[in-house]
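The values are calculated or read from the model by the stated rules, or taken from the named source; none is laboratory data. None of the values given here were measured: they were computed from a predicted structure. All Cβ positions, even for glycine, are placed from backbone atoms using ideal geometry, and neighbour counts span all protein chains on display.
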Amino acid sequence: MRKETACHALVLICLGGFIAEMAFTGNVYAAGGNPHAVATFECLGIYYKVENDLGECAVNYRKTGTEEWKDVIPLWFDKRDSEYRGSIIGLAPDTEYEISLRCAGKKTVFKARTRSDNFPVGKRTYLKGGVSDETVFITEPGRADAWHLVAPEPGAKTVIDPEKTTDYNIVIQAPYVIVRGLELKNAIKDAVLIKEGIHDVVIEDCHITLWGRGDRRLAYLGYGDSGIRAEKGTSGLVIQRNLIDHPSGWTNDWETGHPSGPQAVTLRNSAGGNIIRYNEISSTEDHGFNDAIGGGSNYSFEGSPNRDSDIYGNIISNVWDDAIEAEGANMNVRIWGNYIHYTFTHIATAATSKGPLYIFRNIFGLSRRTHKDPLGGPMIKTGERAPYTGGRRYVFHNTALQPRGAFRVFSTHPVSNTISRNNIFDCPGPLTGRRTPNPSADLDHDLFTGLNTGLDYEKHVIRIRPSFVPSQGLEFYLAPTTTRVKWGKTQVEHHGEKWTQTDKVITVANPAIDAGVMLPGFNDSYQGKGPDLGAFERGGPPLRFGRQALNPGTYAPWEMQ
């Protein structure tokens, strides 16, 4: 029996008409003409249907009303769909752009606008301050121009803590909903449940902790209790600036078989259009995650996050399988600027059945297989299974600093249809688990320090261990909590101060400086004679991660003393 309470002032309405409308209109994040673009806050995914392969399809763009056109790497042609696809990155939110495509001597120009990350609020439902043990069911929708905000009363701190007496803290059954600034604790299953088919939901500035069942054996039955769980067909989710930490359950390491246990964020066969950014996901090693951000179905034309989605600026640690699991279609999915530490696989991409998938400017820290095994797993998991084959991957400008960590760069699965450039791969194992290169893969111009296996791919590899110097290129903005977090050997108490990591992290001396190849749209703002290898460009702005990366010194309501 579900619990409801008048103090939450949530209006329960019939949603039958809304569901019928969605069934008729289909996926709102995949509509458009030909060519057309599907937008997130900072990226545009381009789609261009043609009758036949027209050869290279060049792309450039400009902000509407400006003169300068900027180039990006050409669109990739998927012969299965007779469609050119690709992404433009690094854009400003809520801004119109002109896009020019040039294929076989034909020029096509169209316009597209990025999504706004400001959500106009209509109805406001304020939850009383203090501690409540009642599940909040959100069933009243907002509108695209008037979102329904659920938040603490102004100046109040609201904690929803059923002490393991109810399955969920929050259940969202309506679109255009914002959940902001709550502390969610001790749900039996999932802290936040977003019901099947719901679109346009924002979860921001929340603290999600101690969710899930303590009996790990339940995870093998397919539960995988989650801080945030989105059921099938959800789309347009924005999960940002949350602290998701310390599940009640636990995950086994690889010594006893495939890990299974709680997850921070789970998307199950999403309809796409999702943005997961600037969250901090952490725990202890004995209460680690299965995947931090993941879902399924892995071998499918859907999966997690499916399509037209961005995952960036997150800090992720204490994971026994995949820190970020992007498996399924991966059609114009972009993963960048994340700091990943204490995991087995950093980013899993098996399968990428549609593509293209972009993995760029991430920092990969320590990988480990078990509590005792110092050698970890792959940085990037690849692999295919018919009919879910053929999607393109791009791997650009990542930095992997783990000479005693991940055992290989790419997993033992075939590395197909993958383009790798300008990465620093400092690890003890092989580049890949396959000696013979796959003809569809193009790995080159990377710095790699490990074993020789797989080097037939890399014709211009840099084979020297880089020397790292103290750098201000990596910053964390920590919120005022009492949680102690370990980054390597550094242990820091959070007190709201700006903290700059001064360990040996990012900036490298020659030969990595100025040694990269040009990748239009990905490294145009290089500072020297050429782009630097790795995630950080010397002389460029610092890399920033976590909840306060954009607005240092601002705190969520649940953090107020």
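For segment 314-387, list the strands (runs of 3 or more DSSP E) that sit wholly inside it and hold at least 2 residues that are in contact (Cβ under 8 Å) with a residue 60 or more places away in the chain; which are they?
315-317, 331-336, 339-341, 345-348, 357-360
How about segment 30-80: which of its residues are small (G, A, S) and in contact (Cβ under 8 Å) with a residue 60 or more places away in the chain?
Hits for segment 30-80 are A30, G33, A37, A39, G45.
So is R217 over 17 Å from W558 (Cα atoms), at pLDDT below 95 and of a type outside the set (D, E) or not?
yes
Looking at segment 273-290, can you tell me whether even one residue there is surrounded by fewer than 24 Cβ atoms within 10 Å (Cβ to Cβ), among the hydroxyl-bearing types (S, T, Y) and in contact with a helix residue (DSSP H, G or I) (Cβ under 9 Å, 6 or more places away or on another chain)?
no
Select from segment 293-335 the residues that are over 25 Å from T114 (Cα atoms), buried (at least 24 other Cβ atoms within 10 Å of the Cβ) and of a type in the set (G, A, S) and list them in ascending order.
G294, G295, S317, A323
Across segment 50-104, which residue is farthest from the chain's Cα centre (by Cα) among those that are among the acidic types (D, E) and buried (at least 16 other Cβ atoms within 10 Å of the Cβ)?
So, considering only residues that are among the acidic types (D, E) and buried (at least 16 other Cβ atoms within 10 Å of the Cβ), the one farthest from the chain's Cα centre (by Cα) is E98.
A30 versus (1) surrounded by 16 or more Cβ atoms within 10 Å (Cβ to Cβ); (2) modelled with pLDDT under 95; (3) more than 14 Å from R85 (Cα to Cα): which is the lone unmet condition?
(3)
Could you tell me whether any residue of segment 416-434 is surrounded by 15 or more Cβ atoms within 10 Å (Cβ to Cβ), at pLDDT 90 or above, under 27 Å from G90 (Cβ atoms) and of a type in the set (K, R)?
Looking through segment 416-434, at least one residue is surrounded by 15 or more Cβ atoms within 10 Å (Cβ to Cβ), at pLDDT 90 or above, under 27 Å from G90 (Cβ atoms) and of a type in the set (K, R).
Can you say whether T125 is assigned to a loop (DSSP other than H, G, I, E, B), over 26 Å from the mean Cα position of the chain (by Cα) and either within 14 Å of I46 (Cα to Cα) or polar (S, T, N, Q) (or both), as far as the supplied structure shows?
For T125, the condition - assigned to a loop (DSSP other than H, G, I, E, B), over 26 Å from the mean Cα position of the chain (by Cα) and either within 14 Å of I46 (Cα to Cα) or polar (S, T, N, Q) (or both) - is not met.
For every residue, the table says whether it meets (1) assigned to a loop (DSSP other than H, G, I, E, B); (2) at pLDDT below 95; (3) over 25 Å from V395 (Cα atoms); (4) not β-branched (V, I, T).
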| position | (1), (2), (3), (4) |
| --- | --- |
| Y61 | no, no, no, yes |
| T66 | yes, no, yes, no |
| P74 | no, no, no, yes |
| Y97 | no, no, yes, yes |
| F110 | no, no, yes, yes |
| P141 | yes, no, yes, yes |
| W147 | no, no, yes, yes |
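It is to be established whether one or more residues within segment 205-212 are over 22 Å from the mean Cα position of the chain (by Cα), in a strand (DSSP E or B) and buried (at least 22 other Cβ atoms within 10 Å of the Cβ).
no
When only residues in segment 112-134 that are among the hydrophobic types (A, V, I, L, M, F, W, C) and either out of contact with any Asp or Glu (no Cβ under 8 Å at 6 or more places or on another chain) or modelled with pLDDT under 95 (or both) count, which is surrounded by the fewest Cβ atoms within 10 Å (Cβ to Cβ)?
V121
Output the residue which, of all residues in segment 149-178 that are part of a loop (DSSP other than H, G, I, E, B) and among the β-branched types (V, I, T), is surrounded by the fewest Cβ atoms within 10 Å (Cβ to Cβ).
It comes out as T165.
Filter segment 379-438 for residues that are aliphatic (A, V, I, L, M) and in contact with a Phe, Trp or Tyr (Cβ under 8 Å, 6 or more places away or on another chain) and give the result.
Within segment 379-438, M379, I380, V395, A400, L401, A406, V409, V415, I419, L431 qualify.
Taking segment 351-368 as the region of interest, how many residues are in contact with a Ser or Thr (Cβ under 9 Å, 6 or more places away or on another chain) and either closer than 19 Å to N279 by Cβ or modelled with pLDDT of 95 or more (or both)?
11
Taking segment 220-267 as the search range and keeping residues that are of a type in the set (G, A, S) and over 18 Å from G328 (Cβ atoms), which one is surrounded by the fewest Cβ atoms within 10 Å (Cβ to Cβ)?
Of everything passing the filter in segment 220-267, G257 is surrounded by the fewest Cβ atoms within 10 Å (Cβ to Cβ).
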